[in-house]
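The values are calculated or read from the model by the stated rules, or taken from the named source; none is laboratory data. Treat the numbers as computed from the prediction; the structure is a model and nothing was measured. Neighbour counts run over all protein chains shown; Cβ positions are idealised from the backbone, glycine included.
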Amino acid sequence: MNRRKYIGRKINAEILSSQNIRIDETGLHGYVSLTKFGKVYEPLIIDNFVIIDDCFSMLEFLPDNEQWALETMYDNNDDMIGWWYFDITSNNSIDEEGNPYYDDLFLDAVLLADGQIIICDEDELKDAFDVGEITRTEFDMAYVTLNSLKEKKIIDVTHITAFCSRLKLLFK
């Protein structure tokens, strides 16, 4: 399974623009990406909630020296849709060509606008460990990272809404 994922990556859509920028501010270091879609060939709808559709934008953040990555979407009116996706990672870095990427550790969390946190892909994490694709240290680190994000209130609607708004302003 390919665990390496690039921010600003393409989905099954017409890409109108995609930009990665480096951010180095007090307490905030990493890469931010904003991708604007035109026609989306396969909209993503989960439980009647539209995640990706025509003319949406995807904001991603890949922090330095952390084991997580963030993705959120904006609708065709440029309003945040109230859905934040956290990938737990083993490594956040840049490749030889300067493209930001992370190595996915399978475990994910989705924060919804009502504050509900949905933990995803625990089965994939366990399967990866069982077949030796990840180590016990990586397996444990995935849960330590997830719990830390909750304890530090990073996975928190008020915090993440303000945080994403701040990141999106970098593209104005």
**Message:** Being surrounded by 13 or more Cβ atoms within 10 Å (Cβ to Cβ) and either charged (D, E, K, R) or in contact (Cβ under 8 Å) with a residue 40 or more places away in the chain (or both) is the filter here; which residues of region 40-57 pass it?
**Reply:** I52, D53, D54
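Yes/no per residue for (1) under 16 Å from A113 (Cβ atoms); (2) more than 14 Å from the chain's Cα centre (by Cα):
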residue: S18; (1), (2): no, yes
residue: G27; (1), (2): no, yes
residue: Y41; (1), (2): no, yes
residue: C55; (1), (2): no, yes
residue: N65; (1), (2): no, yes
residue: L70; (1), (2): yes, no
residue: N77; (1), (2): yes, yes
residue: G82; (1), (2): yes, no
**Asked** Among all residue pairs at least 6 apart or on different chains, which show Cβ distances below 7 Å where the first residue, located in region 69-86, is within 13 Å of F56 (Cβ to Cβ) and the second is of a type in the set (D, E, K, R) and in a strand (DSSP E or B)?
**Response** E71/E60
**Item:** Unique residue being farther than 29 Å from I21 by Cα and surrounded by 18 or more Cβ atoms within 10 Å (Cβ to Cβ) when the list is I160, I134, I154
**Value:** I134
**Message:** So for region 120-130 (the condition being assigned to a strand (DSSP E or B), within 14 Å of the chain's Cα centre (by Cα), surrounded by 15 or more Cβ atoms within 10 Å (Cβ to Cβ) and without any contact (Cβ under 8 Å) to a residue 40 or more places away in the chain), does at least one residue qualify?
**Reply:** yes
**Message:** Being over 24 Å from L28 (Cβ atoms) and acidic (D, E) narrows it down to one residue among E151, E138; which is it?
**Reply:** E138
**Item:** Enumeration of residues in region 34-88 that are under 27 Å from T137 (Cβ atoms) and outside any strand (DSSP E or B)
**Value:** D64, N65, E66, Q67
**Prompt:** Looking at region 1-33, which of its residues are outside any loop (DSSP other than H, G, I, E, B), on the phi < 0 side of the Ramachandran plot and in contact (Cβ under 8 Å) with a residue 60 or more places away in the chain?
**Reply:** R4, K5, Y6, Q19, N20, I21, I23, Y31, V32, S33
**Prompt:** Got a sec? Which of Y143, Y101 is within 18 Å of the chain's Cα centre (by Cα), touching a residue at least 12 places away in the same chain (Cβ under 8 Å), in a strand (DSSP E or B) and within 30 Å of V50 (Cα to Cα)?
**Reply:** Y101
**Request:** Within region 103-114, count every residue that is of a type outside the set (D, E, K, R) and either surrounded by fewer than 24 Cβ atoms within 10 Å (Cβ to Cβ) or over 12 Å from F86 (Cα atoms) (or both).
**Result:** 4
**Asked** Only one of N20, N12, N65, N2 is modelled with pLDDT of 90 or more and surrounded by fewer than 16 Cβ atoms within 10 Å (Cβ to Cβ); which?
**Response** N65
